[in-house]
1. I'd like the Karplus ³J(HN,Hα) series for region 139-145: coefficients 6.51, -1.76, 1.60, θ = phi - 60°, whole numbers in Hz, and an x wherever there's a Gly or Pro.
2. How long is the gain from Val52 to Asn89 if the chain were fully straight, where each residue apart is worth 0.36 nm and the alpha carbon distance is subtracted?
3. Using a Förster distance of 45 angstrom, determine the FRET efficiency expected from the C-beta separation of Arg146 and Tyr232, and round it to 0.05.
4. Under a crude label model (7 Å from the Cα following the beta-carbon direction), how far is Thr197 from Ile106 in nanometres?
5. Just rank Asp151, Asp181, fewest to most, by other beta-carbon atoms within 10 angstrom.
6. Could you check the simple spin-label distance between His169 and His68, using points 7 Å along Cα→Cβ, in nm with one decimal?
Amino acid sequence: MGIAVALMIAVLAAQPGFATPPASQARNRKFVAKSRPKAVPAETVTEDPEPVRSEAASRMIAWVAAAHDNGSLPYVIIDKPTATLFLFNANGEYQGHTPVLLGVGIGDDSSPGVGAKNLSQIGPAERTTPAGRFVAKFGKALGRQRVLWVDYMNSVALHAVITTHKSEHRVERLLSPTPGDNRISFGCINVGTSFYTKKLRPLLQRKGGVVYILPDTKSLDEVFPRVRLLPYLNSVASE
């Protein structure tokens, strides 16, 4: 590998991840569950035998595995274009995939100050699921419910699907064959209860994990510039 490439890798590798505040502080966040999420039968939300991946998701999955960007943590890759979550353990071994519900707003950034607003104050355009790399940990939300806090400052969490508001048809949206109707939340990421309780939570509840959320409108290289190094990493691995 040339000196220039080695230096580029060293500089980019030094970029820090996003820190997550202590779980005890989560009590004051705007995530409110008026009642605990109603359990969804295990057979209700199932995995497709052949997951649909965008080109960006394929690149991202390959890059994390080659660069070991997750360190010693399990990780999640959320492909917003296809509304699909891919789960991996700390060794990069594939653990499964599942459909997800995302923020109703199209966009890759959280509006400034959105984490301090009440839900009723957040307009549709502000209800985005931000793209980026996040170090996520479990913590308490209002109502004593534990959720995986992805972007604590902007109140973005990953949790089991909530069925409190029947008119939103969240389970039906998860079951639909296309991602077009998977935009319904205020920015949080919803998954089926069975996948959450049997696969995701057991894997991440001890140390947390890294969550990579792929962009809607920006390019993958803009949000994750180090992915550009994938060809070099592959060439080094083959030597």
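All of the numbers you see were taken from the coordinates with simple rules; none came from a lab. It should be emphasised that the depicted structure is a prediction, and the values quoted were computed from it without experimental measurement. Note: ideal-geometry Cβ built from the backbone for every residue, glycine included; neighbour counts use all protein chains shown.
1. Residue by residue, region 139-145 yields x, 7, 10, 4, x, 6, 8 Hz.
2. Fully extending the segment from Val52 to Asn89 adds 11.3 nm.
3. 0.65
4. Here the modelled spin labels are 3.6 nm apart.
5. Numbers: Asp151 22, Asp181 14.
Sorted ascending by nearby Cβ count, the order is Asp181, Asp151.
6. 4.8 nm
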